[in-house]
Amino acid sequence: MRIRPFALERYFAQHEFEVQHSLCSSDCESLAVSDVLALEPGVRAQFDRLQLSYTESPGNPSLRREICGLYRTIAPEQVLVHTGAEEAIFLFMHAVLAAGDHVIVHWPCYQSLQEVARSIGCDVSPWQACEDAGWSLDVGDLERSIRPRTKAIIINTPHNPTGYHMSLDMLQGVCRFAQANGLLLFSDEVYRESEYQPQDRLPGACDLGDFAISLGVLSKTYGLAGLRTGWIATRNAEVYAAIARLKDYTTICNSAPSEFLAEIALRHRDQLAKRNVGIIMRNLDLLDPFFEQWSDRLAWQRPQAGPVAFPQLLGEEVVSFCSALAKTESVLLLPGTVFDDQENHFRIGFGREDLPEALARLDRFLRRSASEHVQRVEE
């Protein structure tokens, strides 16, 4: 298999642990193991007695039952637990795609949502979001993109990196198109339950038909990235079985301690999501006036859901800007180039408690660079 380096992950590998503040993280505020165990009296003793043996390849049955609580029509045997979301993306594409197939991918996107298909030998068409329309999508573009060998549509909502969130009408339109054309729909829902208003929450795509596969993970909304617990949910038995067979060649089964903690967390997911959405909303109250203040240098599209957005830097080159910010203020932003974006955007993340300090440092950096620009002009 030949595959391009994962630009986002390579960027993080170089910078993430060298700075004091990551102002571009896609996950929400984390918890300690003790915080998770404190959610239920008596579980600490159970955790201490946990056997570190192999686990069931599809995931612990009781964990899969808890995951089913996210959906309306899914049974435990229709949930397949993975090590994070990345493994699930990789295995789905290798299970259902072949060289010469064509896929349509919501763009901009997390690189693996398109790059794994390309590495298999698939043709990839971007379903391009329109920034001027709040990063929205046009279902008509799907009709214009379809080909005889189109196999799947890949969507992500709430969306990384833009913060766009589909309406129910939009999702239903995508589902109708997939059904009418015999396509699979892979729905990346890792930011589900981080909507700012509960009424905006969409059903899992897997509940809307057996053509759909929903992707979930504990990393984002719930702040439990270190558990490395993700899953797919689908009523498509053929797709499920194909992915399960391939998992025998990757992780085989999941971490017993992670599954134990994940099950506890999912029983209290409403509490965890409420906590992190509260952090997001408090941080947005700081970001809105910040971007208004710097509107001559930063163009802000307020996100609709989730802990990330994709502002545009005006008047200077974004990679150099991000590099200088990291070097002088120890604050990390993610240049849009890691998403193959050439329009000078950057990803900002606001699901963590340290945003006020990071934002103050970004403000200081902008003020200093503005002052230096004035001095150069005067000279």
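We did not get these values from a lab; they are worked out from the coordinates using the rules stated. Owing to the predicted nature of the structure, the values given are computational and were not obtained by experimental measurement. Backbone-built Cβ (ideal geometry, glycine too); neighbour counts: all protein chains shown.
Points to keep in mind about this one:
- Between Arg4 and Ser320, the contour length at 0.36 nm per residue exceeds the Cα-Cα span by 111.5 nm.
- Straight-line reach from Lys151: taking Cα to Cα under 13 Å and skipping same-chain neighbours fewer than 8 places apart, the aspartates and glutamates in range are Asp101, Asp123.
- When the charge dipole of the chain is built from unit charges on Cβ atoms (+1 for Lys and Arg, -1 for Asp and Glu) and taken about the Cα centre, the candidate among Val217, Ser295, Val319 whose Cα reaches farthest toward its positive end is Val217.
- Residue order, fewest to most surrounding Cβ atoms within 10 angstrom, among Arg118, Arg368: Arg368, Arg118
- 23 Å tail of the calculated P(r), the range 51-269, as % of Cα pairs: 43
- HN-Hα J in Hz across the range 123-139 - Karplus 6.51, -1.76, 1.60, θ = phi - 60°, x for Gly and Pro: 8, 10, 10, x, 9, 7, 6, 9, 4, 5, 10, x, 6, 7, 10, 10, 4
- Karplus (6.51, -1.76, 1.60) ³J(HN,Hα), θ = phi - 60°, over the range 270-276, in Hz, Gly and Pro reported as x: 4, 5, 5, 5, 4, 4, 6
- 5 angstrom amide H check on Met166, placed H, neighbours 5+ away: none
- Cross-link partners for Lys274 among the lysines, with Cα-Cα distance under 17 Å and sequence neighbours closer than 8 places in the same chain left out: Lys220.
- All-pairs Cα distance distribution in the range 93-201, expressed in whole percent, bin size 5 Å: 2, 12, 24, 24, 20, 11, 4, 1, 0
- Sequence-separation-based contact order of the chain, relative, with Cα cut under 8 Å and 6+ spacing, percent: 25
- Note that the chain carries a Kirkwood radius of 21.6 Å, evaluated over its alpha carbons pair by pair.
- Percent antiparallel among DSSP beta bridges (both partners in the range 51-269, rounded to 5): 35
- Label-reachable residues, the range 189-230, where backbone N falls under 19 Å from a point 7 Å from Arg275's Cα toward its Cβ: 191-196, 217-230
- By the equivalent-ellipsoid construction on the alpha carbon gyration tensor, the range 166-293 comes out with semi-axes of 29, 23, 12 Å, ordered largest to smallest.
- The chain: calculated mean residue ellipticity at 222 nm from DSSP helix runs of at least 4, using -39500 (n - 2.57): -12500 deg cm²/dmol
- Scalar couplings 3J(HN,Hα) for the range 108-116, obtained by applying the Karplus form with A = 6.51, B = -1.76, C = 1.60 to θ = phi - 60°, are x, 8, 4, 4, 5, 5, 10, 6, 5 Hz; x denotes Gly and Pro.
- Distant-in-sequence amide H partners of Leu185 (H built 1.01 Å from N, under 5 Å): Ile153, Ala212, Ile213
- Share, in percent, of DSSP beta bridges within the chain that are antiparallel, nearest 5: 50
- Ordering Pro158, Gln51, Leu137 by Cα displacement along the dipole of the range 51-269 toward the positive end leaves Gln51 in first place; charges were set at the Cβ atoms of Lys, Arg (+1) and Asp, Glu (-1).
- Amide H contacts under 5 Å for His82, placed H, 5+ residues apart: Gly230, Trp231, Ile232
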